[in-house]
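First comes the structure, then the notes that go with it.
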């Protein structure tokens, strides 16, 4: 219970700071984060990449999405399961026109036009978070979506957290189900978890 309260308080503080960012800060720092992702060894060889679609000042992924499309990679995005809160499926999408507003107005692939993809087909996953620590543990948004998804990936999938520098904390309260990422790319550093 104490861990849950500590997470909730920290999540509120970090999300308030993120919401306070100006559009220029988001753009500038997102470009720096994208450059760090591009410098991750093996990034250019990734053929199937799960991205998140940025929402409420999250680090922008659109530059990476367009780059992946340009090189012929398959780009996936999550879609929540309406009847099963906390669970999501992955769909390949090829354009902005393939997206529709989902839960909380977060863009999601339209299952009528986008193929469903097995999570084990991912080479790389870009993961959002309210915060991360230096061991790669993530403070999510409280729904457990990524904690349920990450164990479904093949063991060698490259999992990269994307965050602004202020979202990095020394230590996060952890629970047994929490799943770490392998790397965290911020606007100022790449953390090997």
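The values are calculated or read from the model by the stated rules, or taken from the named source; none is laboratory data. Small disclaimer: the values here were computed from a predicted structure and weren't measured. Heads up, the Cβs are rebuilt from the backbone with ideal geometry, glycines too, and the neighbour counts pull from every protein chain shown.
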Top-ranked residue of the stretch 147-190 - restricted to ones that are free of Cβ contacts under 8 Å to residues at least 60 places away in the same chain and in a strand (DSSP E or B), ranked as surrounded by the fewest Cβ atoms within 10 Å (Cβ to Cβ): 168
Single residue of the stretch 106-118 satisfying the filter (surrounded by 18 or more Cβ atoms within 10 Å (Cβ to Cβ) and in a loop (DSSP other than H, G, I, E, B)) that is modelled with the lowest pLDDT: 106
Residue, farthest from residue 50 (Cα to Cα), within the stretch 132-146, restricted to residues that are over 11 Å from the mean Cα position of the chain (by Cα) and assigned to a strand (DSSP E or B): 133
Checking residue 86 against (1) surrounded by fewer than 21 Cβ atoms within 10 Å (Cβ to Cβ); (2) part of a loop (DSSP other than H, G, I, E, B); (3) in contact with a helix residue (DSSP H, G or I) (Cβ under 8 Å, 6 or more places away or on another chain); (4) on the phi < 0 side of the Ramachandran plot, the condition it does not meet: (4)
Where residue 55 falls short, out of the listed (1) assigned to a loop (DSSP other than H, G, I, E, B); (2) at pLDDT below 95; (3) exposed (fewer than 11 other Cβ atoms within 10 Å of the Cβ): (3)
Residue in the stretch 150-158 that is touching a strand residue (DSSP E or B) at 6+ places or on another chain (Cβ under 8 Å), closer than 26 Å to residue 5 by Cα and at pLDDT below 95 present: yes
Residue among 25, 67 that is out of contact with any helix residue (DSSP H, G or I) (no Cβ under 7 Å at 6 or more places or on another chain) and touching a residue at least 24 places away in the same chain (Cβ under 8 Å): 67
Matching entry among 103, 92 (being under 19 Å from residue 124 (Cα atoms) and surrounded by fewer than 19 Cβ atoms within 10 Å (Cβ to Cβ)): 92
Residues (farther than 16 Å from residue 51 by Cβ and free of Cβ contacts under 8 Å to residues at least 60 places away in the same chain) located in the stretch 78-99: 81, 82, 83, 84, 85, 97
Filter pass, residue 123 being over 20 Å from residue 73 (Cβ atoms) and either touching a residue at least 40 places away in the same chain (Cβ under 8 Å) or touching a strand residue (DSSP E or B) at 6+ places or on another chain (Cβ under 9 Å) (or both): no
Residue list for the stretch 1-48, filter: modelled with pLDDT of 95 or more, closer than 22 Å to residue 137 by Cβ and outside any helix (DSSP H, G or I): 40
Sole residue being within 21 Å of residue 166 (Cα to Cα) and under 18 Å from the mean Cα position of the chain (by Cα), chosen from 10, 50, 14: 14
